[in-house]
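Q: Here you go, one structure.
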Amino acid sequence: MAGVDIGVVVVTHQSAATLDECLHRLRAAAGVAAIRVIDNQSTDDTLAIAQRHASADPRLRFVANPDNPGFSVACNQGVAELATAAVPVHWLAFVNPDAMVEDDTLVRLLGLAGAGEVLLGADLVGEDGMRDPAARRRDPDFGRMLAGGLTARSMRSTGQRTGMAVDSDDRLDLQPVDAVSGALMFMPHALFERIGGFDPDYRLHAEDLDLCRRARMAGATVAVANHVRVVHVRGVSSRSRPLFVEWHKHRGLWRYFNRFEAPRRSRPMCAAVWSAIWLRFPFAAARAWWRSR
């Protein structure tokens, strides 16, 4: 049918708790031409769930990676796999397995995008209905972080919330921001290819900040659809390997700084940021491990 040209990429790892509902919703969503599930070495029931949905819907295919190359690599892999779709895919939606779209979520984003060069996010809310601050962010302000000592408050959920949160402006259907959350990102296929896709050197966390910044540098608008609400369960797969996740949160933040900020900062400033990030790591790792218990 006309207008069915959205390709969806879902990257999974130990995602059995939420994947079944996520895929049911995506298969029911209007505008979806193809769904590609890329699994990064799950050992739970994730693959069985993906297989069941693939058997029931020819639009859905999955790839089981024998290792875990990271979120960015898997997203790029998913886009490459969309070349096998039955119809050409002109729009991409990256949807986390713990993000629950509605039937009209993607076509509403498509309508808001128009023909523009845009990278859109949705109004993410938790299961309690509270808005997720990670949905609307500024670029990380490393000077301000240092002034505040890179406290737990200023660095909470590094990579997901490292950018300073922006208040929602519900007067706007599309609210321009520096960055949106990687839980749901919607953009033209052509823009994704033009900026080179996700940076594969991020294992997980901060890759969404990076992609948004490069999209803006390429002249695209990054914005949140304030009235397109999506429930985000948050962090289901992260709970299984808290120390691994914290390591890559901090590594991702340092890579982001080194890529975009270090060239215009002094050496003492770079050294201070490096020290602050890695001195905080053992405390963040211990807290994450304790919470996972």
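The values are calculated or read from the model by the stated rules, or taken from the named source; none is laboratory data. Quick caveat: nothing in here was measured; it's all calculated off a predicted structure. Methodologically, a virtual Cβ is constructed for each residue, glycine included, from the backbone with ideal geometry; neighbour enumeration extends over all protein chains shown. Only protein heavy atoms, including side chains, enter the accessible area calculation; ligands, DNA and RNA are left aside. Shrake-Rupley method; radii C 1.70, N 1.55, O 1.52, S 1.80 Å.
Matching residues to (1) at pLDDT 80 or above; (2) surrounded by fewer than 15 Cβ atoms within 10 Å (Cβ to Cβ); (3) outside any helix (DSSP H, G or I):
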position	(1), (2), (3)
Arg239	no, yes, no
Trp247	no, no, no
His250	yes, no, no
Leu253	yes, no, no
Asn258	yes, yes, no
Pro263	yes, yes, no
Ala272	yes, no, no
Leu279	no, yes, no
Pro282	no, yes, no
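Q: Could you list, ordered by first residue, the pairs with Cβ atoms under 6 Å in which the first is in the range 176-203 and aliphatic (A, V, I, L, M) and the second is part of a loop (DSSP other than H, G, I, E, B), at least 6 apart or interchain?
A: Val177/Arg136; Val177/Val166; Ala179/Gly163; Ala183/Asn96; Leu191/Glu117; Leu191/Ala220; Ile195/Ala218
Q: Yes or no: Ser181 surrounded by 16 or more Cβ atoms within 10 Å (Cβ to Cβ), of a type in the set (S, T, N, Q), modelled with pLDDT of 90 or more and in contact with a helix residue (DSSP H, G or I) (Cβ under 7 Å, 6 or more places away or on another chain)? I'd like the intermediate steps shown before the answer.
A: Working: surrounded by 16 or more Cβ atoms within 10 Å (Cβ to Cβ): yes; of a type in the set (S, T, N, Q): yes; modelled with pLDDT of 90 or more: yes; in contact with a helix residue (DSSP H, G or I) (Cβ under 7 Å, 6 or more places away or on another chain): yes.
Against the criterion (surrounded by 16 or more Cβ atoms within 10 Å (Cβ to Cβ), of a type in the set (S, T, N, Q), modelled with pLDDT of 90 or more and in contact with a helix residue (DSSP H, G or I) (Cβ under 7 Å, 6 or more places away or on another chain)), Ser181 qualifies.
Q: Still on this structure, please answer the following. State all residues of the range 1-12 that are modelled with pLDDT of 95 or more and either more than 23 Å from Gly111 (Cα to Cα) or surrounded by fewer than 21 Cβ atoms within 10 Å (Cβ to Cβ) (or both); if no residue qualifies, say none.
A: Here is the first cut: in the range 1-12, the residues modelled with pLDDT of 95 or more are 6-12.
Across the range 1-12, the qualifying residues are Val11, Thr12.
Q: Being basic (Lys, Arg) and surrounded by 15 or more Cβ atoms within 10 Å (Cβ to Cβ) is the filter; apply it to the range 52-61 and report the residue that is nearest to Gly78 (Cα to Cα). Give the steps one after another, and end with the answer.
A: The initial filter retains those residues of the range 52-61 that are basic (Lys, Arg), namely 52, 59, 61.
Those still in the list that are surrounded by 15 or more Cβ atoms within 10 Å (Cβ to Cβ) too: 59, 61.
On the way: Arg59: 13, Arg61: 10 Å.
Ranking the candidates gives Arg61 first.
Q: Condition (residue is open to solvent by 40 Å² or more (accessible area, probe 1.4 Å), of a type outside the set (D, E, K, R) and within 21 Å of the chain's Cα centre (by Cα)) applied to the range 92-104: is it met by at least one residue? Full working, then the answer.
A: The first filter runs over the range 92-104 and keeps only residues open to solvent by 40 Å² or more (accessible area, probe 1.4 Å), leaving 102-104.
Checking which are of a type outside the set (D, E, K, R) leaves us with none.
No, the range 92-104 contains no residue that is open to solvent by 40 Å² or more (accessible area, probe 1.4 Å), of a type outside the set (D, E, K, R) and within 21 Å of the chain's Cα centre (by Cα).
Q: Considering the range 203-227 alone, what residues qualify as being touching a helix residue (DSSP H, G or I) at 6+ places or on another chain (Cβ under 8 Å), open to solvent by less than 40 Å² (accessible area, probe 1.4 Å) and not in a strand (DSSP E or B)?
A: Leu204, His205, Ala206, Glu207, Leu209, Asp210, Arg213, Ala215, Ala218, Ala220
Residues are listed down the side, and each one gets a yes or a no for (1) more than 28 Å from Leu110 (Cβ to Cβ); (2) without any contact (Cβ under 8 Å) to a residue 12 or more places away in the chain; (3) surrounded by fewer than 20 Cβ atoms within 10 Å (Cβ to Cβ):
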position	(1), (2), (3)
Cys22	no, no, no
Arg27	no, no, yes
Gln41	yes, no, yes
Asp44	yes, no, yes
Ala50	no, no, no
Val63	no, no, yes
Asn68	yes, no, yes
Phe71	no, no, no
Ala74	no, no, no
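Q: Suppose the filter is open to solvent by 10 Å² or more (accessible area, probe 1.4 Å) and not hydroxyl-bearing (Ser, Thr, Tyr); does Ala286 pass it?
A: On the way: open to solvent by 10 Å² or more (accessible area, probe 1.4 Å): yes; not hydroxyl-bearing (Ser, Thr, Tyr): yes.
In short, yes.
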